[in-house]
1. List the pairs whose first member sits in segment 173-194 and is without any contact (Cβ under 8 Å) to a residue 40 or more places away in the chain and within 16 Å of the ligand (Cβ to nearest atom), whose second member is open to solvent by 10 Å² or more (accessible area, probe 1.4 Å) and β-branched (Val, Ile, Thr), and whose Cβ atoms are under 7 Å apart, counting only residues at least 6 apart or on separate chains?
2. Please find, within segment 118-140, the residue that is farthest from the ligand (Cβ to nearest atom) out of those that are touching a residue at least 60 places away in the same chain (Cβ under 8 Å) and farther than 23 Å from Ser3 by Cα.
3. Residues in segment 181-215 that are closer than 22 Å to Ala293 by Cα and of a type outside the set (Phe, Trp, Tyr): how many?
4. Look through segment 77-102, keep the residues that are within 16 Å of the ligand (Cβ to nearest atom) and open to solvent by 30 Å² or more (accessible area, probe 1.4 Å), and return whichever of them is nearest to Trp243 (Cα to Cα).
5. Quick one: would you say Ala277 is within 16 Å of the ligand (Cβ to nearest atom) and not in a strand (DSSP E or B)?
6. Can you name the number of the only condition in (1) over 30 Å from Ile272 (Cα atoms); (2) in a loop (DSSP other than H, G, I, E, B) that Val21 fails?
7. Would you mind stating whether Leu71 is aliphatic (A, V, I, L, M), over 21 Å from Asn270 (Cα atoms) and within 24 Å of the chain's Cα centre (by Cα)?
8. Just give me the residues in segment 110-127 being at pLDDT 95 or above, open to solvent by less than 60 Å² (accessible area, probe 1.4 Å) and not in a strand (DSSP E or B), in sequence order.
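The values are calculated or read from the model by the stated rules, or taken from the named source; none is laboratory data. Keep in mind that this is a model prediction, so the values were computed, not measured. FYI the Cβ positions are ideal-geometry reconstructions off the backbone, even for glycines, and counts take in every protein chain you see. Accessible surface is based on the protein model in full, side chains and every heavy atom, while ligands, DNA and RNA are left aside. Shrake-Rupley method; radii C 1.70, N 1.55, O 1.52, S 1.80 Å.
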Amino acid sequence: MLSDRIQNMTPSATVELAKRVAEFKRQGIDIVNLNVGEPDFRTPDNINDAAYRAIAEGFTKYTSVNGIYELRSAISKKLFDDNKLKYSPEEIIVSTGAKHALVLAVFSICNPGDEVIIPVPCWGSFIEVVKLAEGTPVIVRTEESNYFNLDINNIKAVLTPKTRAIIINTPNNPTGAVYDYDTLLALGQLAVQHDLYIIADEIYEKLIYNGSVHTSIASLDEEIKKRTILVNGVSKAYAMPGWRLGYAAASQEIINGMCGLQGHFTTTTNSISQRAALEALTGPQDNLANMRAEYDRRRHYMYQRLNAMPGISCPNSSGAFFFLTNVSSLYGKVYNGALIKNSVDVSSFFLEVALVAVVPGETFYASDHIRISYSNSMDQLVKGMDRMEAALVQLS
Ligand code: PLP
């Protein structure tokens, strides 16, 4: 019998769909993948070369638990240059992806029964990680009519003596929202007033468009910074999801706690990936600019196409590479005698009829939506949009 902890995990709504996508592909069926949650670009060559060099030099042993000093120094410099934040290398931990930094953060600050506020729609792992730490996720909705921005009054309304932390993710997966300065300041002040921690997941920081500006909440005030655990990594900005390299910056006390945990869970992060990440942060940045420009071009295209389709609408995406697309007006329609009842049915319909894979909104606590990724080539996006448009005509 598995532990209660494992049994309480919510099964992913995407697993079944992912199996069917894999099966279609195995049969050689040409599926357009708009369900992708990772960059479609290759890791830039200068980064790969740094990894080859690390292997050739025999840099393949355990490193210190918190990560190599050179990388933590580079992260410290990056946080200062990009985010106006002063963290010493000792106040930084390198981890096995931003996801692992998040896990370490939640387990370091959360006692059983502590409430953690999570704005939704959100990346599903936030909720599951809090549950695994025996905390209680407290969901606060952000509204499509407000471009999925945070409403501080809704946060205030759920505060209790048990509230321990709030997790924010800006730019946001899956909504594409980017929280503005005033909202973040109000949230930071609320955290100071109620002595809450803020876990700020900034993994999509570099993928930002439309003139939006990314603000690190920790940069707004020294008191806010004391309570913030900033989480970031190289997966998205440098097209390195498989290298599993993330980091966190926080007060010395929290970083020490996270290091203690990391020491028992993974010992340290992959040494070769650390060298690669060092190159990503300190080497030429032109690949990043090119990738962002290409995402932006795709974003413009997808926004037009999606909003021109009957029964589908989405606010523009200001960050990351997703459109959270409202499909609720398709509920109640019928295809081949089958009733479409929810976003899982809509996703199945697009997979079966249009041969396009998208993610049902249930995964993100967004039951009226599907998530459509533009992390795919322009040719694939055009094909996907054409197919979805043609499929929708077949609904009655
Ligand atoms: N945070 C968010 C919001 C994400 O969407 C993802 C990946 O999809 C991650 C963190 C994971 O990042 P990493 O690959 O560095 O673990």
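1. Close Cβ pairs (under 7 Å, with a partner that is open to solvent by 10 Å² or more (accessible area, probe 1.4 Å) and β-branched (Val, Ile, Thr)) do not exist here.
2. Top of the filtered list is Ile139.
3. Number satisfying all stated conditions: 12.
4. Among residues in segment 77-102 that are within 16 Å of the ligand (Cβ to nearest atom) and open to solvent by 30 Å² or more (accessible area, probe 1.4 Å), the one nearest to Trp243 (Cα to Cα) is Thr96.
5. Criteria met by Ala277.
6. Condition (2) is where Val21 drops out.
7. no
8. Cys110, Gly113, Asp114, Pro121, Cys122, Phe126, Ile127, listed by residue number.
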